[in-house]
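Working notes for the structure below.
The values are calculated or read from the model by the stated rules, or taken from the named source; none is laboratory data. Quick caveat, the model's predicted, so the values are computed rather than measured. Heads up, the Cβs are rebuilt from the backbone with ideal geometry, glycines too, and the neighbour counts pull from every protein chain shown. The accessibility values were calculated without ligands, DNA or RNA, using every heavy atom of the protein model including side chains. Shrake-Rupley method; radii C 1.70, N 1.55, O 1.52, S 1.80 Å.
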Amino acid sequence: MDNNLNQKFEISITRVFDAPRELVFKAWTELGHFAIWWGPKGGTFEVVKMDARSGGEFLGIQTSPDGNQVMWTKFAYQEVVEPEKVAYIRSFSDEQGNTVRAPFSVIWPLEIMNNIMLEDDEGKTVLRLKGFPVNASAEEQEAYRGMAPKLQQDLEGTFDKLADYLAFLN
C-alpha cells in the first residue's frame, strides 16, 4: 500500500463556506444534514446507513438525473475528529455494502481515499479535500487521473449544494 501512496495522483479542492466549522462538520457527519445536500446536482441520493465515526460505515443509493442509472456507494470511515477532520475510503457497492466494480468502468479503482480537513477562518470554514486511489494498479491510477476533471466538476457541484444548504441554515 505504501508504494501506491507514494505514486498517487490526487485531486485537491479548497472551498470556503460562510458557516461555522462546527456546522460544516455536522453537515458531513449527521444523517439529517448529509442526506439533504450530498451528491451531484440533478440526481437524487438516499442514505441507507450512516455511522460517521472512526471505524463506522456509510451506505447510500445515488440515482442519475434521468433516473436510468442507480449506483450504490459506501464509505468506510477511517478517521473522524470533531470538528476538524473526516477521512473515509469511498467505494461502489452492492445493496449489502460489498465492494464492487464501478458500473461505468472495469478499471476504476475499487477504493478512493478522501481526506477532508476543516479549518476555522473568522467564523467561516475552509474545507480542504484531497482524494486519491488506494491499493490501485497502475491502470486503475491512470483511469482515476483521466477522470480527474470530471471528478473535480462533480465535487464542485456537490460543494455548491452544500454551500446552498449552509446558507439556508444560517
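Near V16: Cβ cut-off under 15 Å, other residues only, Lys/Arg at +1 and Asp/Glu at -1. The net charge is -4.
Averaging the sequence gap over all C-alpha pairs within less than 8 Å and six or more residues apart, then dividing by the number of residues, gives region 1-124 a relative contact order of 20 percent. Assuming R0 = 22 Å, what is the FRET efficiency of D164 and D94, from their Cβ-Cβ distance, to the nearest 0.05? Given R0 = 22 Å and the Cβ-Cβ separation, E is 0.10.
If you take all other residues with their beta carbon under 13 Å from the beta carbon of V48, and give Lys and Arg +1 and Asp and Glu -1, the sum is -3. In the complete set of protein chains, residue-level accessible area for V81 is approximately 50 Å², probe 1.4 angstrom. Seen against the Cα atoms of the chain and their longest principal axis, helix 138-169 is set at about 20 degrees. Contact order for region 55-153, expressed relative to its length and based on alpha carbon pairs under 8 Å spaced 6+ residues apart, stands at 18 percent. Counting only Cβ charges, +1 for Lys and Arg and -1 for Asp and Glu, the dipole size of the chain around its Cα centre is about 180 debye.
Measuring against 24 Å, Cα to Cα, the residue pairs K26/K74; K26/K150; K8/K161; K8/K41; K41/K150; K49/K124 contain K26/K150; K8/K161; K8/K41; K49/K124 as the ones spanning a longer distance. When the solvent-accessible area of the chain is split by element, carbon and sulfur atoms take up 48 percent of it, the probe being 1.4 Å.
For semi-axes √(5λ) of the Cα gyration tensor in Å, computed directly from the structure shown, the correct entry in [x] 22, 21, 17; [y] 25, 19, 16; [z] 31, 19, 15 is [y]. When its C-alpha radius of gyration is set against 2.2 N^0.38 Å (N residues), region 97-170 gives a value of 1.36. Since only T29, F104, F9 are under comparison, the one whose Cα sits farthest along the positive direction of the charge dipole of the chain, derived from C-beta charges on Lys, Arg, Asp and Glu, is F104.
Entry comment: accessible area of the chain is 51 Å² per residue, from protein heavy atoms only and a probe of 1.4 Å.
When the surface is traced with a 1.4 Å probe over the full set of protein chains, E139 keeps roughly 110 Å² accessible.
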